[in-house]
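Reviewing the structure listed below.
The values are calculated or read from the model by the stated rules, or taken from the named source; none is laboratory data. All figures in this text were calculated on a predicted structure; none of them were measured in a lab. Virtual Cβ from ideal backbone geometry, glycine too; neighbours counted across all protein chains shown.
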Amino acid sequence: AQSVAQPEDQVNVAEGNPLTVKCTYSVSGNPYLFWYVQYPNRGLQFLLKYITGDNLVKGSYGFEAEFNKSQTSFHLKKPSALVSDSALYFCAVRHSGAGSYQLTFGKGTKLSVIP
Amino acid sequence: DSGVTQTPKHLITATGQRVTLRCSPRSGDLSVYWYQQSLDQGLQFLIQYYNGEERAKGNILERFSAQQFPDLHSELNLSSLELGDSALYFCASSVAGRDAGELFFGEGSRLTVL
């Protein structure tokens, strides 16, 4: 079964500093990996995905993620954090069953960017 | 705006009652997914429909059921409600095909069971 783990419940970073939100995965076969962001009282918004190709994936709002097959990781990164980046971030892996594309999500990591 | 519409946004009801949550997917999306988000369980996949047919089932209780109608909107029915059913229920939709893993989420329906 596919699963992802987000080892940190919360990450605090100062505005302007680089940020990293960690994610590791466990899948059978090729991993299809995603990052979503959830702002308070809102739905989840898609940030980026890794399907195949370059290990560095660029997404929305200046975020990027690095796929590392040997470490089974897919960490979310941003060179310079903004206060407006404060939100809940979810890593997800796509189910590999035939015809079904539901995502399995991690527990989420709360990112707080301190002014 | 993701294009996925969920109603109602908030719902307060009593234990033992039944509620129906409604979802309209993005125009052209054939798949609808239901997720439950709670503080202790995180985001849990409940069920998926594709073009009116059930495609996958997750951690959905027997007290819960869903369907997708010919116009592709979907309803999630929750019955014999318990306090523990209080949660945020999300609907998501996607197109069919290789890139179907990108789900578009609605704003959610917040259910409070008293």
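Name every residue in the stretch B:99-114 that is buried (at least 19 other Cβ atoms within 10 Å of the Cβ), outside any strand (DSSP E or B) and at pLDDT 95 or above, in order of residue number. Residues satisfying the conditions are B:Gly106, B:Glu107, B:Gly108.
Evaluated against (1) under 23 Å from B:Ser94 (Cα atoms); (2) away from chain A (no Cβ under 13 Å); (3) among the acidic types (Asp, Glu); (4) surrounded by fewer than 13 Cβ atoms within 10 Å (Cβ to Cβ), B:Glu53 falls short on exactly one condition, (2). Confirm whether B:Thr15 is within 14 Å of another protein chain (Cβ to nearest Cβ), farther than 25 Å from A:Lys107 by Cα and either surrounded by fewer than 19 Cβ atoms within 10 Å (Cβ to Cβ) or without any contact (Cβ under 8 Å) to a residue 12 or more places away in the chain (or both). No, not satisfied.
Note on the stretch A:1-64: enclosed strands (runs of 3 or more DSSP E) holding 2 or more residues that are of a type in the set (Gly, Ala, Ser) and more than 23 Å from B:Gly108 (Cα to Cα) are A:3-5.
Each residue in the stretch A:21-46 was checked for being of a type in the set (S, T, N, Q) and exposed (fewer than 14 other Cβ atoms within 10 Å of the Cβ), and 4 pass. Just one of the numbered conditions (1) buried (at least 19 other Cβ atoms within 10 Å of the Cβ); (2) more than 27 Å from A:Phe34 (Cα to Cα); (3) not hydrophobic (A, V, I, L, M, F, W, C) is not true of B:Glu82: (1).
The residues in the stretch A:28-81 that are more than 14 Å from chain B (Cβ to nearest Cβ), of a type in the set (Ser, Thr, Tyr) and in contact (Cβ under 8 Å) with a residue 12 or more places away in the chain can be counted, and the count is 5.
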